[in-house]
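Beneath this line is the structure, given in structure tokens, with notes to follow.
No value in this document is a laboratory result; all are computed from the given coordinates. Note that the coordinates shown come from a computational prediction; the quantities given were computed from them, not determined experimentally. Because the Cβ atoms are built from the backbone with ideal geometry, glycine has one as well, and the counts that use them run over all protein chains shown.
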Amino acid sequence: MKLLRLLPIGDIDLRALEQVGPLIAQQFHVAWDIVQPGFDPQFAYHAERQQYHSTELLARMTGFLGPECWRMLGVTGHDLYIPILTFVFGEAQMGGPAAVVSTHRLQQEFYGLPPDENLSRERLVKEAVHELGHTLDLRHCDDYRCAMAASHAVEWIDLKENGVCPGCNDRMAPLLPVQKKVRFRFF
């Protein structure tokens, strides 16, 4: 059985991964698990930016892939970037096996607001589905409700649903481990 493997990166709350794992996996009709132990991301830290380079994390994640792995999703609480952008919520290997997401800018506390665990969890699921969609060669979608819509600010994430639109679903379905075409609906 092929699994969606969640990889904790750095000091991440495993309880949060246990809560979002089934929500993410149901979007792709796969079983899931958490890789233990995760890994220390310090090698990807860049002091001049005070951020972690997500592409470097993705490269290291490939060492955790195994024959049972359908896709691997790294989850970290650290702030991520790529050199051409100020920050990223996540990054994926287009058409590849790995993606990474950060909870850092998904939390209300980052914006000086009171914590909202439900909203943070919802945002994490949307971004995880988005990045895993890229591993299935899905590009950004023009439908702002689709999880594959681009998100350059957290407010854009809040407009999205945690599922993909019919067009993205049609492109994604043949690449899922279980060939199951589902009727589209936003949750």
message: Testing the spin-label approximation: label points 7 Å from Cα along Cα→Cβ at His46 and His29. State their distance in nm.
response: 4.0
field: Residue among His53, His130, His140 with the largest mean-square fluctuation in a Gaussian network model of the chain, springs linking Cα atoms under 10 Å
entry: His140
field: Cleavage-rule hits (GluC sites (Glu not before Pro)) in region 54-116: DSSP loop, at most 11 neighbouring Cβ within 10 angstrom
entry: Glu68
statement: For the chain, the Cα-Cα pair-distance distribution in 5 Å bins from 0, as whole percents, is 1, 8, 18, 23, 22, 16, 9, 3, 1, 0
3J(HN,Hα) from dihedral phi, region 5-20, Karplus parametrisation 6.51/-1.76/1.60, rounded to Hz, x for glycine, proline: 9, 9, 10, x, 10, x, 8, 10, 5, 5, 4, 5, 5, 5, 7, 8
statement: Which residues qualify? For Gly74, with a placed amide H closer than 5 Å and at least 5 residues away or on another chain, they are Leu7, Ala99, Val100, Val101
task: Report, by chain and number, residues whose modeled amide H sits under 5 Å from the one on Leu3, excluding near sequence neighbours (fewer than 5 apart, same chain).
output: Cys69, Trp70, Arg71
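How long is the gain from Asp158 to Asp116 if the chain were fully straight, where each residue apart is worth 0.36 nm and the alpha carbon distance is subtracted?
13.8 nm
What dipole magnitude, in Debye to the nearest 20, does region 3-175 give about its Cα centre under +1 on Lys/Arg Cβ and -1 on Asp/Glu Cβ?
Charge dipole of region 3-175: 300 debye, to the nearest 20.
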query: Hey, got a sec? Which trypsin sites (Lys or Arg not before Pro) in region 85-145 land in a DSSP loop and have at most 12 other Cβ atoms within 10 Å?
result: Arg139
message: Whole angstrom only: what separates the Cα centroid of region 115-157 from the Cα centroid of region 30-63?
response: 19
query: Once fully extended, how much extra length lies between Met1 and Thr86, figured as 0.36 nm per residue of separation less the alpha-carbon to alpha-carbon distance?
result: 26.7 nm
query: Each residue of region 139-151 in order: what ³J(HN,Hα) in whole Hz does its phi give by Karplus 6.51 cos²θ - 1.76 cosθ + 1.60, θ = phi - 60°, with x for Gly and Pro?
result: 8, 5, 9, 7, 7, 4, 7, 6, 4, 8, 5, 5, 9
- line: Expected vector for region 42-49, Karplus 3J(HN,Hα) from phi with 6.51, -1.76, 1.60 and θ = phi - 60°, integer Hz, x for Gly and Pro, equals 4, 4, 9, 7, 10, 4, 5, 10
- prompt: If you take the Cα Rg of region 1-42 and divide it by 2.2 N^0.38 Å, with N the number of residues, what do you get?
  reply: 1.18
field: region 78-172: chymotrypsin sites (Phe, Trp or Tyr not before Pro) in DSSP coil with no more than 13 other Cβ atoms inside 10 Å
entry: Tyr144
Amide H partners (placed H, <5 Å) of Ala149, local residues excluded: Cys141
